[in-house]
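Below you'll find the structure, written out as structure tokens, and then a few comments.
The values are calculated or read from the model by the stated rules, or taken from the named source; none is laboratory data. For clarity, every value in this text was computed on a predicted model and none was experimentally measured. All Cβ positions, glycine included, derive from the backbone under ideal geometry; neighbour counts span all protein chains shown. With ligands, DNA and RNA removed, areas are computed over all heavy atoms of the protein, side chains included. Shrake-Rupley method; radii C 1.70, N 1.55, O 1.52, S 1.80 Å.
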Amino acid sequence: MAMEMRLPVARKPLSESLGRETKKHLVVPGDTITTDTGFMRGHGTYMGEEKLIASVAGSVERVNKLICVKALKTRYNGEVGDIVVGRITEVQQKRWKVETNSRLDSVLLLSSMNLPGGELRRRSAEDELAMRGFLQEGDLISAEVQAVFSDGAVSLHTRSLKYGKLGQGVLVQVSPSLVKRQKTHFHDLPCGASVILGNNGFIWIYPTPEHKEEDAGGFIANLEPVSLTDREVISRLRNCIVSLVTQRMMLYDTSILYCYEASLPHQIKDILKPEIMEEIVMETRQRLLEQEG
């Protein structure tokens, strides 16, 4: 039986540019953020004895006079316009329950989705009876947050052809705080695969489709066999994302692509070894800092 042994190695010294990286102001619950009463209290903070105190562990973010603490590890708190990837957990009357990594199940109403073929009409009793034919338990979907209720529950919609049922691919679950907010969360990477970076921490990696125009309302999932080269690219991307998450780096298209390129000299299975993981993430961080100037 083949056995692999790894011996301790000397840690490489960090480059000077990495050492100069701006440090975040990290706090734990009970830490005093500021004693200045001119600041407004945001999420993750509370006032006590004329001091602004942190109620969660995370990094302090300041926008003008508003101070909030962004938790390092948390459940997803929905915001209108967010792109999410979720799994159908229950089919109910005129709605689906969706697991989106938030405290409560999200809701996708029958009236908040396109009918097959993109028909625009009122939803009838026949549509309600055919709901399980559209989406059933276990299906993965991409959607947009339409509204957030007072109890924190999220209402979704899939009224665009870019949303809908997801076909073949790999789902990676990360902390929502590591997904960087951008204008678009659908990325076709030049390596031959595409990713959907859900704001809720669910990341979907799938082979880039050849014909995007043939989407029929987002209900027809492509179940054709995926080629070996595509599967290898998806597996490498998945391990790169796990490496970035382990080293607490923000996830967006550029960081994932740089990490993918840095991992090419290594075999896919070796990427998750601690020393190789640290090496490729350090190289990724170096390239990002050089790009920022």
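Here are some notes:
- Scan of the stretch 23-39 for residues that are outside any loop (DSSP other than H, G, I, E, B) and over 13 Å from LEU52 (Cα atoms), ordered by number: LEU26
- Looking only at residues of the stretch 133-159 that are among the hydroxyl-bearing types (Ser, Thr, Tyr) and surrounded by 14 or more Cβ atoms within 10 Å (Cβ to Cβ), we find that the one that is nearest to the chain's Cα centre (by Cα) is SER142.
- ALA130 fulfils the conditions (1) within 25 Å of GLY167 (Cβ to Cβ); (2) open to solvent by 80 Å² or more (accessible area, probe 1.4 Å) except for a single criterion, (2).
- Long-range neighbours under 9 Å by Cβ, at least six apart or interchain, first residue under 9 Å from GLY58 (Cα atoms) within the stretch 21-42, second open to solvent by less than 100 Å² (accessible area, probe 1.4 Å) and modelled with pLDDT under 85: LEU26/LEU72
- Restricting the stretch 1-37 to residues that are of a type in the set (Asp, Glu) and modelled with pLDDT under 65, the residue that is most open to solvent (accessible area, probe 1.4 Å) is GLU16.
- Residue pairs whose Cβ atoms lie under 7 Å apart, separated by 6 or more positions or on different chains, with the first residue in the stretch 170-186 and more than 16 Å from THR74 (Cβ to Cβ) and the second open to solvent by 60 Å² or more (accessible area, probe 1.4 Å) and part of a loop (DSSP other than H, G, I, E, B), are PHE186/LYS162.
- LEU104 open to solvent by 30 Å² or more (accessible area, probe 1.4 Å) and at pLDDT 90 or above: yes
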